[in-house]
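For reference, the structure is listed below as structure tokens.
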Amino acid sequence: MDKRYRANFINSVTGFKSANLLGSISTDNIENLAIFSSITHLGSDPSLLGFITRPNSAPRHTYKNIRDTGIFTVNHVNENIIKEAHQTAARYDESISEFKAAGLHTEYLHNWKAPFLKEAQIKIACEYVSEYQIKENDTVLIVAAIKGVYLPEKALNDDGWINLEITSGVSINGLDSYSKPKLIDRFSYAKPNMTPSSILKKD
């Protein structure tokens, strides 16, 4: 396959992915913002998430900032900022803040040293835990602890479930397309020999 065709094909064949902007800051206090579609849940107790970084054969400002400071933020992309979020994928010089370049704004909450995205409705404070080299393609799996979460109260259900549809969150398909997920249903805990029932509260 042609290189670009292959990239589009393989990046979209696995299905919809989460759309998040990682906020970090350098030791020189330069704020950085980068879009990632590889962030995933790793466990709830302890609360961990992970994401994949590309090989370090080229400068990786987000990775460097996280290793240097030990902290970063994860900010959900919503439908109001998809163009700006996509622009953060451009290869800016290390001295340039993607927040400013893309027309987005920083926010600092509860003395957390890494910048949050003001426009995001769901924001997660994260602390670096460890990393694992993936030898097959030289990418790196970063493991981080969730240290704090900020979200609209109306999106939080009584049992701890978060209704992402309320926050206008989007997903990524491939490298360059953004979709708005629609909530279909929510089911009871799956058990052998029992048919799941809907537990979604209807308005």
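Summary of computed values
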| read-out | value |
| --- | --- |
| Residue in segment 125-141 that is farther than 23 Å from LEU48 by Cα and under 15 Å from the mean Cα position of the chain (by Cα) present | no |
| Residue check, ILE162 aliphatic (A, V, I, L, M) and open to solvent by 20 Å² or more (accessible area, probe 1.4 Å) | yes |
| Complete set of residues in segment 129-138 that are open to solvent by 50 Å² or more (accessible area, probe 1.4 Å) and of a type outside the set (A, V, I, L, M, F, W, C) | GLU131, TYR132, GLN133, LYS135, GLU136, ASN137, ASP138 |
| Options ASN65, ASN32; residue that is open to solvent by less than 50 Å² (accessible area, probe 1.4 Å), on the phi < 0 side of the Ramachandran plot and assigned to a helix (DSSP H, G or I) | ASN65 |
| Residue match in segment 31-39 (condition: of a type outside the set (A, V, I, L, M), in contact with an Asp or Glu (Cβ under 9 Å, 6 or more places away or on another chain) and touching a residue at least 24 places away in the same chain (Cβ under 8 Å)) | yes |
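The rows are residues; the columns are (1) at pLDDT below 95; (2) assigned to a loop (DSSP other than H, G, I, E, B); (3) aliphatic (A, V, I, L, M).
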residue	(1), (2), (3)
ALA144	no, no, yes
PRO181	yes, yes, no
ASP185	yes, yes, no
LEU200	yes, yes, yes
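The values are calculated or read from the model by the stated rules, or taken from the named source; none is laboratory data. Everything quoted here is computed from the prediction, not taken from an experiment. Positions of Cβ are backbone-derived with ideal geometry, glycine not excepted, and every protein chain shown enters the neighbour counts. In case anyone asks, the SASA skips ligands and DNA or RNA and just uses the protein heavy atoms, side chains included. Shrake-Rupley method; radii C 1.70, N 1.55, O 1.52, S 1.80 Å.
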